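Everything on this sheet refers to the single structure shown next.
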Amino acid sequence: MPSFMRSYTAQAYALMRIVTGFLFLWHGTQKLFGVPLPPPQVPSFVIAIAGPIEFIGGTLVMIGLFAGWAAFLCSSLMAAA
């Protein structure tokens with residue numbers, strides 16, 4: 001990595017964490033609350049399992065609270081999908 005970019009590693013990590021958490025939060029909100037669009041026609045157990053994991057996990061990743069564990073759970077969910 002070039003030396004001028006090393007001073008921005010913390011900001012880049014925070015930006016990546018916030019964007020990734022927001023995307024998980026967005027999809028969890030869609031599955032649980034139907035906002036901004038109603039969820040696609042999927043079985044109800046997918047909504048019951050994936051919705052809270054994406055919503056709570058995305059929130060935790062975005063604010064940085066237990067981000068490692070929440071990201072592991074969310075990425076495991078995406079690997080299973």
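The values are calculated or read from the model by the stated rules, or taken from the named source; none is laboratory data. Here the structure is a predicted model, which is why all the values come from computation and not from measurement. Glycine also receives a Cβ, built like all others from the backbone with ideal geometry; neighbour counts cover every protein chain displayed.
Worth a mention:
- Looking only at residues of the range 27-64 that are touching a Pro at 6+ places or on another chain (Cβ under 8 Å) and among the aliphatic types (A, V, I, L, M), we find that the one that is modelled with the lowest pLDDT is ILE47.
- Top-ranked residue in the range 44-66 [being surrounded by 17 or more Cβ atoms within 10 Å (Cβ to Cβ), of a type in the set (Gly, Ala, Ser) and touching a residue at least 24 places away in the same chain (Cβ under 8 Å); ranked as nearest to LEU23 (Cα to Cα)]: GLY58
- Matching option when the condition is over 8 Å from the mean Cα position of the chain (by Cα) and either in a helix (DSSP H, G or I) or in contact (Cβ under 8 Å) with a residue 12 or more places away in the chain (or both), among THR29, THR20: THR29
- Being loosely packed, with under 13 Cβ neighbours inside 10 Å, of a type in the set (S, T, N, Q) and not in a helix (DSSP H, G or I) is a property that GLN41 has.
- Test result for MET16, of a type in the set (A, V, I, L, M) and in contact with a helix residue (DSSP H, G or I) (Cβ under 9 Å, 6 or more places away or on another chain): no
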